[in-house]
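> Starting off with a structure, shown below.
Every number here is computed from the coordinates shown, using simple stated rules; none is lab data. Since the structure is predicted, the reported quantities are computational estimates derived from the model, not experimental observations. Please note: Cβ atoms are built from the backbone with ideal geometry, for glycine as well, and neighbour counts cover all protein chains shown.
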Amino acid sequence: MFNLQSSSRMKQEFEALALAHLDPLYSAALRLTKNERDAEDLVQDTCMRAYRFFDKFERGTNIKAWLFKILTNTFINRYRRRVKERSVVEGIDRDAVHERFVSRDATDVAANPEQYFFDRLLSDDVLRAIDGLPIDFRLVVILADLQEFSYKEIAEILECPVGTVMSRLFRGRKLLQKTLRDYALGQGVCRSESTGAPVDLSDYRQRQRTG
Amino acid sequence: MTCDELEGFLYVYLDGEFGASERVELERHLASCPSCARKVHLESAFRENVRRLAKEGANAPSARAPESLKRRVQSWVRQEQQRAAFRGWVRAGAAAAALVAAGGAYFYVRPGARAGYIEAAALRHAKSLPFEVQRDAPELEAWFKGKLEHSVRVPTFPNTTVAGARLSNVKDKQAAYIAYDASANGGRTTRIGLFVFQDSDRDVPAQALPSVELDSSHGYNVAIWRDREIVYELVSDLDETDIRQMLAQSALPHRRSLVNEQRPAPTTSPPAGQVQPVSLQH
């Protein structure tokens, strides 16, 4: 016979653990789906799946990472096809950003160009630049910079090697930088920085050991 | 550490993912290389600013989960808990009605979604289309390979033989169709059809093994279950007891152990003649 008591305990436990993370789940879902309606659906879907598989969750391990794994899987399997990807260019309202650089004070810029650049960026610019990233890079940037997961946690969430997390994060951040910097560059606020390339950490460690 | 290596590891370092000795090495390089030191400073400022700004945006009231969403999830959990308490005890028909009733509160369950797949399978089976292949189970699996987007594992059932197979479909899903001949009670032979199809989007509401649900359509009893993304529909004119017995004794291909799953046994027998969701462990 089904045990009502254990079911009620499970409900309470699920509510306490999972619902506490509704805000971060929703905020990540917004960045993934780019609209509120799909974000709500995605989070709701994630919670339903999480509840159904709650007996598979290893108590004492990181529930937030577990929930994000379900969220990203659900997104990739179900929503990704539906969501029209916006390009990087569309991601930012060029004019609105441009405006903030036009009236700059030349002495400020000379003293600290990077600071000047960031002082004029709004959180909306950054979020929309993130929204404009291709999905693979967007996922790691959301997980690393918005949710502050470790590389190892991200690797588990996305079911990929840590090396892949590193290289996607490298390229994702460089792309993000480029998008945000392009506006400043147009105004001569920032100097162009070399973009470089990710280096394989395990190769490097191997070299250090042998050489 | 060279300047190029440092460039490549910059984020690993800034994210605090470097080992202690690697950090020392990198910082030693920074102490003697003003160009890299400047780069690290800029990248660090960029990373901090992006995080700060992104979090500001993400924590804005408009970016928080709406109260309505919270309430919907809570009410769904409550309904799911109640549903779980009765699972296995209500008639399949009543369960479907309960699903439909609960479905009013959330978008996920499309009323009648399963009924459509049950009916489609029953009608396909009734047509008795000619087989494309007549082989034993292992060779059948090989035959299906490459013809469908998923791999097909052909279950075997006691007192049945594989009659043949063909590519088929259940509604919009491409399916493998495997026909078995079973000797039913009284020595008569009856044809059983099994549809195996992929349902990654979970369009078909079906429970995971060891739960199997029974429904009927067009005079056939249809058992339906899912193994992750794969849905199985078994169509036959066997009665509930026979189906239940057959499934319990069969080698169903699935990826989870039946033994470890705790599913309590019923304390009373279901009323005769009623179609029940069955568990293979009863």
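> If we count every other residue with Cβ under 12 angstrom of B:ILE118's Cβ, Lys/Arg +1 and Asp/Glu -1, where does the sum land?
Net charge in that neighbourhood comes out at -1.
> Okay, next question. How about B:LYS55: which lysines have a C-alpha closer than 29 Å to its C-alpha, ignoring those fewer than 8 places off in the same chain?
Correct list for B:LYS55: A:LYS34, A:LYS64, A:LYS69, A:LYS84, A:LYS152, A:LYS174, A:LYS178, B:LYS39, B:LYS70.
> How much length is gained if the chain between B:PHE131 and B:ALA45 is pulled fully straight, taking 0.36 nm per residue apart and subtracting their Cα-Cα distance, in nm to one decimal?
Result for the pair: 24.2 nm of gain on full extension.
> Let me ask something else. What are the ³J(HN,Hα) values, in whole Hz, obtained from phi via the Karplus relation 6.51 cos²θ - 1.76 cosθ + 1.60 with θ = phi - 60°, for each residue of region B:22-30 in sequence order, with x given for Gly and Pro?
Whole-Hz 3J(HN,Hα) from phi for region B:22-30: 5, 5, 4, 4, 5, 5, 5, 4, 4.
> Same structure, new question: Could you work out the mean count of beta carbons from other protein chains within 10 Å of each residue's beta carbon in A:123-136?
3
> So for region A:4-79, what percent of the C-alpha to C-alpha distances run longer than 16 Å?
So the portion of pairs separated by more than 16 Å is 45 percent.
> Give me, ordered by chain and number, the residues 5 or more places off B:VAL133 or on other chains with an amide H under 5 Å from its own placed amide H.
B:ALA165
> Once you have all Cα-Cα distances for region B:3-63, histogram them in 10 Å bins from zero and send the whole-percent values.
With a bin width of 10 Å, the distribution comes to 21, 44, 20, 12, 3.
> Extending each Cα 7 Å along its Cβ direction at A:GLU15 and B:ASP237, get the distance between those two points in nm, one decimal.
It is 5.1 nm.
> Sticking with this one: Applying the Karplus parametrisation 6.51 cos²θ - 1.76 cosθ + 1.60 with θ = phi - 60° to the phi angles of region B:218-224, what ³J(HN,Hα) value in whole Hz is obtained for each residue in order, glycine and proline being reported as x?
Result, ordered by residue: 6, x, 9, 8, 10, 9, 10 Hz.
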